[in-house]
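Student: Mind having a look at this structure? Questions to follow.
The values are calculated or read from the model by the stated rules, or taken from the named source; none is laboratory data. Treat the numbers as computed from the prediction; the structure is a model and nothing was measured. Neighbour counts run over all protein chains shown; Cβ positions are idealised from the backbone, glycine included. SASA here: full protein model, heavy atoms, side chains in, ligands and nucleic acids out. Shrake-Rupley method; radii C 1.70, N 1.55, O 1.52, S 1.80 Å.
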Amino acid sequence: MANLKESSFWEEGIYQWETSDPVLGGENGIDNVPTRQLANRTKWLKDNKLDKSATAASADLAKKAQVADKLSKARNVGGVAFDGSADIDLPGVNKPGNQNTSGNAATASYAAQIAARKIGGVIFNAKTDINLPGVNIKGNQDTSGNAATATRLQTICTINGVPFDGSANINATPAGAIQFFAMKTAPVGWLKANGTALSRTVYANLFTAIGTMFGAGDGKTTFNLPDLRGYFLRAWDDGNNIDSERVFGSKQSDAIRNITGICSGAGGVSFDTLTGAFYDVGTRYSANTNLMDKNNKTDDFGFDASRVVPTANENRPKNIALLACIKI
């Protein structure tokens, strides 16, 4: 049981669960996404020093403002006192006044009445348009750490249990994993498990994982992939004494349990009833036998398993052929 990790970040939206979403908890589980987004907003508001008491007081004043008929203290609006109890006129605004309008916005060619100001570090006095480097033209501002140029994440995350900070690619599936695919070509990041020899340096991660267990290649610069074509996979015995003394990664030929039996016969023996895989080969006569002497006849029989079960040149269950690949 653990608390959600909170980041001081204003989330622009809160994720809505969909009916197709899986039930998946954990730090990066879909069930915790909206909760974490709300927690991030709360921490951001807290870090930005949102005064809860002031907010409550402001809310109370807002309620009072809806029913007040005048301000508790009159204020000046354009030099005219205003307390909210009656309308006021502002000379020069809603009726003619005596203000000095020389150099006003309608006729001024530049800001002669005020000192020049800087906008984005560029001096502006209204004489001409100005350009702001980094806004409407290319500039030299320090943009280190922004989304366009960042080389790593501020907070390390995990993808399928593998730490990720954005500074390098990661394999969420470890090198050396075996997977079957319902297509004839290996997907990106995988290779066909067909015994091919590969470079030990180009495929350094995979070489570190499996070494020369399935073949040493040229013995110096290459190594071999496992060749799983046409094979069923069997879990390594690893001391369980079911497939004992088996070397990890070794291949095994097909076999069946031995079937033994014996049938004895002599002159006069006759097999009258044969069923299943057994069948009658026919009656033969011993050498120098009087054909009229039935006591010297011997009945032969044969055995053929295909008479009762499907047979082939190997032992196998029902199966389907898919492409076996290995993760690089």
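Student: Condition (residue is at pLDDT 85 or above and closer than 26 Å to Ala172 by Cα) applied to segment 6-16: is it met by at least one residue?
Tutor: So far as segment 6-16 goes, yes, one or more of its residues are at pLDDT 85 or above and closer than 26 Å to Ala172 by Cα.
Student: Can you tell me which condition Ala39 does not meet? The list is (1) modelled with pLDDT under 80; (2) open to solvent by less than 60 Å² (accessible area, probe 1.4 Å); (3) part of a helix (DSSP H, G or I), and all the others hold.
Tutor: The number of the failed condition is (1).
Student: For segment 16-46, give me the residue count where each residue is under 14 Å from Asn3 (Cα atoms) and of a type in the set (Val, Ile, Thr).
Tutor: 2
Student: Working only within segment 285-314, note down all residues that are assigned to a loop (DSSP other than H, G, I, E, B), surrounded by fewer than 10 Cβ atoms within 10 Å (Cβ to Cβ) and at pLDDT 80 or above.
Tutor: Hits for segment 285-314 are Val309, Pro310, Ala312, Asn313.
Student: With (1) open to solvent by 50 Å² or more (accessible area, probe 1.4 Å); (2) closer than 28 Å to Pro317 by Cα; (3) at pLDDT 95 or above; (4) out of contact with any Lys or Arg (no Cβ under 9 Å at 6 or more places or on another chain) as the list, and Ser253 as the residue in question, which single condition is left unmet?
Tutor: The single condition Ser253 does not satisfy is (3).
Student: Tell me, yes or no, whether segment 76-83 has at least one residue that is at pLDDT below 70 and either of a type in the set (Val, Ile, Thr) or in contact with a Cys (Cβ under 8 Å, 6 or more places away or on another chain) (or both).
Tutor: There is no residue in segment 76-83 that is at pLDDT below 70 and either of a type in the set (Val, Ile, Thr) or in contact with a Cys (Cβ under 8 Å, 6 or more places away or on another chain) (or both).
Student: Moving on. Scan segment 200-216 for residues that are open to solvent by 40 Å² or more (accessible area, probe 1.4 Å) and either of a type in the set (Gly, Ala, Ser) or not in a loop (DSSP other than H, G, I, E, B) (or both) and jot them down.
Tutor: Ala204, Asn205, Phe207, Thr208, Ala209, Ala216
Student: Scan segment 154-199 for residues that are polar (S, T, N, Q), more than 24 Å from Gly215 (Cβ to Cβ) and open to solvent by less than 90 Å² (accessible area, probe 1.4 Å) and jot them down.
Tutor: If the condition is that a residue be polar (S, T, N, Q), more than 24 Å from Gly215 (Cβ to Cβ) and open to solvent by less than 90 Å² (accessible area, probe 1.4 Å), then Thr155, Thr158, Ser167 are the ones that fit.
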